[in-house]
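The values are calculated or read from the model by the stated rules, or taken from the named source; none is laboratory data. Predicted, not measured: the structure shown is a model, and the values here were computed from it. Cβ atoms come from the backbone with ideal geometry, glycine included; neighbour counts cover every protein chain shown.
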Amino acid sequence: MVRSMTGYGKGFAENENARVTIEMKSVNHRYLDLNIKLPKKLNFLESLIRNKISESIFRGKVDVYITLNEHSDACYKVSINDIIAKEYFDSISAMATKLGIDNDLKASNIVRLPDVIELEETDSDEDELKSLVLSALSDCINQFIDARIAEGARLEEDLIAKMDEMLVLVDKLEKRSPVIIEEYKTRLTTKIHELLEDNHIDENRIAQEVTMYADKVCIDEEMVRLKSHVAETRSVFELDKEVGRKLDFLAQELNREANTILSKSTDVEIADIGITLKTLIEKVREQIQNIE
């Protein structure tokens, strides 16, 4: 199965205390490069998150963004500093008695005084946060992989079409290859006739020359290997794992055979076919760079 290295996914999980949102996006990269951004309170889960992602995503530069929103009534606690409140009360009461004025002090007055009210951030339940993160991460990864598979299907369709084009070109090479040997033999015989100006031609000598020429320009092995590499490439598409590196290797092999054909070519038509083949293979190599 072909999966693209570009993708996007989003997942979230929520309970009465908090909401966790996770987003993932990726671009091409030779290996798996994970960049995880998460709030400090979730730092204890980074290793677990990294392991979970790497279990099902194998290549690409992946950016992961995690946000945590805790509900205010769950993450803060209001408390009264009784000692400071009593100090305020005693001091104000003593002042009222000393000055001979009414002590109209109320609790609502005291809580407005500095340091009487304390707002404390409560410790979050780590098991609860872990459960939320894993749930959101699972949804995010599934959506992310689905996006990669959808894009991968389009890449596979394009690559298969290009494989078919390659086979058409190889078929043209197979038809043209034996013709150039006969053409060479005809040209050689004609040239010898013109030079010797008689019909006493050593057929064995001509056969030797033609054989040497045929060995020099023979591309039978290259054509066989091209068809083999195309067949193997198509079979790789069916593998249920990351296939990008395997496809990249096969594209290099295809390119090597095309280069050899061009280096052996003394025929304009075969050279044209070889150039078209190389151009097609280069397009394949570019597409393969997008595959996980």
Exercise. Quick check: is even one residue across the stretch 19-28 farther than 30 Å from Lys246 by Cβ, touching a residue at least 24 places away in the same chain (Cβ under 8 Å), more than 23 Å from the chain's Cα centre (by Cα) and assigned to a strand (DSSP E or B)?
Worked result: yes
For this session: Determine whether Arg245 is surrounded by 13 or more Cβ atoms within 10 Å (Cβ to Cβ), in contact with an Asp or Glu (Cβ under 9 Å, 6 or more places away or on another chain) and at pLDDT 85 or above.
Result: no
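Answer yes or no as to whether Glu23 is out of contact with any Asp or Glu (no Cβ under 9 Å at 6 or more places or on another chain) and not assigned by TED's automatic domain parsing to the domain that holds Glu157. Write out each step before concluding.
Numbers: out of contact with any Asp or Glu (no Cβ under 9 Å at 6 or more places or on another chain): no; not assigned by TED's automatic domain parsing to the domain that holds Glu157: yes.
In short, no.
Return yes or no: is Ser235 over 24 Å from Tyr31 (Cα atoms), in a helix (DSSP H, G or I) and of a type in the set (S, T, N, Q)?
Values: over 24 Å from Tyr31 (Cα atoms): no; in a helix (DSSP H, G or I): yes; of a type in the set (S, T, N, Q): yes.
Spelling it out, it is not the case that Ser235 is over 24 Å from Tyr31 (Cα atoms), in a helix (DSSP H, G or I) and of a type in the set (S, T, N, Q).
Of these, Ile117, Ile49, which one is within 44 Å of the chain's Cα centre (by Cα) and of a type in the set (A, V, I, L, M)?
None of the other options fit; the residue is Ile49.
Please verify whether Tyr88 is more than 24 Å from Glu23 (Cα to Cα) and modelled with pLDDT of 85 or more, treating the condition exactly as stated. Write out each step before concluding.
Numbers: more than 24 Å from Glu23 (Cα to Cα): yes; modelled with pLDDT of 85 or more: yes.
Here the answer is yes, as Tyr88 does meet what is asked.
Out of Glu151, Glu128, Glu118, I need the residue that is on the phi < 0 side of the Ramachandran plot and part of a strand (DSSP E or B). Which one?
Working: Glu151 fails: part of a strand (DSSP E or B); Glu128 fails: part of a strand (DSSP E or B).
Result of the check over Glu151, Glu128, Glu118: Glu118.
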Problem set entry | Members of the stretch 7-49 found to be surrounded by 14 or more Cβ atoms within 10 Å (Cβ to Cβ), modelled with pLDDT of 95 or more and of a type in the set (S, T, N, Q), listed by number | Thr21, Ser26
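Name the one entry in Ser108, Ser131 that is more than 30 Å from Met1 (Cβ to Cβ), loosely packed, with under 10 Cβ neighbours inside 10 Å and either of a type outside the set (A, V, I, L, M) or modelled with pLDDT under 85 (or both). Write out each step before concluding.
Numbers: Ser131 fails: loosely packed, with under 10 Cβ neighbours inside 10 Å.
Step by step, each of Ser108, Ser131 is checked, and only Ser108 is more than 30 Å from Met1 (Cβ to Cβ), loosely packed, with under 10 Cβ neighbours inside 10 Å and either of a type outside the set (A, V, I, L, M) or modelled with pLDDT under 85 (or both).
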Problem set entry | Residues (among the charged types (D, E, K, R), surrounded by 13 or more Cβ atoms within 10 Å (Cβ to Cβ) and outside any strand (DSSP E or B)) located in the stretch 62-105 | Glu87
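So, Leu137, is that one surrounded by 14 or more Cβ atoms within 10 Å (Cβ to Cβ), of a type outside the set (Val, Ile, Thr) and part of a helix (DSSP H, G or I) or not? Even if it seems obvious, please write down each step before you answer.
Numbers: surrounded by 14 or more Cβ atoms within 10 Å (Cβ to Cβ): yes; of a type outside the set (Val, Ile, Thr): yes; part of a helix (DSSP H, G or I): yes.
Yes; evaluated as a whole, the condition is true for this residue.
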Exercise. Among the residues of the stretch 17-62, how many are farther than 16 Å from Asp139 by Cα and of a type in the set (Asp, Glu)?
Worked result: 2
